[in-house]
Amino acid sequence: MTGPSQQTDPTRRPKRSRARTFLPLGIAAWLVLEIWLLTVVAEAAGGFTVFLLLLAGVVVGAAVIKRAGRRAWQNLSRSMQPGAAPQEPAAGRGSSFTMLGGLLLMMPGLISDVAALVCLFPPTRALLRGRAEAMLRRRVGHVPGPMGGGFGPGYGQDQVRRPDGKVIQGEVIRDDEDPHSAHRD
């Protein structure tokens, strides 16, 4: 062997990412704030009022999720019919944030209800969607649209841009997979 060996110490743990460090702390702080806010509102308005607010959040959240799911199912079934024209991209826009808003409404707490209303209000939902798409573009480099490229440029067909500006189209074929076993469960 030539050169220094680069052995890793098996007792040394890999460095934790910021998200793995701060996410549990953020969740704990959020839970403490939710409980504190519920007790403050319960002291001011009464425990029964808080109970009714939480119950209303669950009912409205379930209705929002059901409606968004039904709309997504209808769009999918319409697009799967033979001879159907492809859906315009705006048809499915916002359904993810609508579902998230419904889920946040169903969670007990007032802070999550405010976050749900931000997800459900159309102008802020559009702002959130734009920010999420921009963040994904920065992190991944490609955000597939609703009409195609479901897994991005790393799956199926790919494009390679050469320094001279030419684009080479290709298809990813793995040698280690049996092409007939890809669809078995």
- Solvent-accessible surface (1.4 angstrom probe) belonging to M99, in square angstrom, nearest 10: 70
- According to a simple spin-label model (label point 7 Å from Cα along Cα-to-Cβ), what is the distance in nm between R20 and M107? 2.2
- Note: R138 to W30 extended length (0.36 nm per residue) minus current alpha-carbon separation gives 36.1 nm
- Item | Within segment 52-81: backbone nitrogen closer than 20 Å to the R129 label point (7 Å, Cα to C-beta) | 64-80
- With no solvent and one equal point scatterer per Cα, compute the Debye intensity ratio I(q)/I(0) for segment 91-142 at 0.14, 0.18, 0.27 Å⁻¹ and report its log10, rounded to two decimals. -0.39, -0.59, -0.95
- Task: Mind giving me the nanometre distance, one decimal, between the label points for K66 and M80, set 7 Å out from Cα along Cα→Cβ?
- Result: 2.2
- Item | Point-to-point label distance, W73-L117, nm (Cα→Cβ direction, 7 Å offset) | 3.0
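The values are calculated or read from the model by the stated rules, or taken from the named source; none is laboratory data. Every value quoted in this text rests on a predicted model; they were computed, and no experiment measured them. Ideal geometry is used to build each Cβ from the backbone, glycine not excepted, and the neighbour counts take in all protein chains shown. Just so you know, the surface numbers come from the protein's heavy atoms only, side chains and all, with ligands and any DNA or RNA stripped out. Shrake-Rupley method; radii C 1.70, N 1.55, O 1.52, S 1.80 Å.
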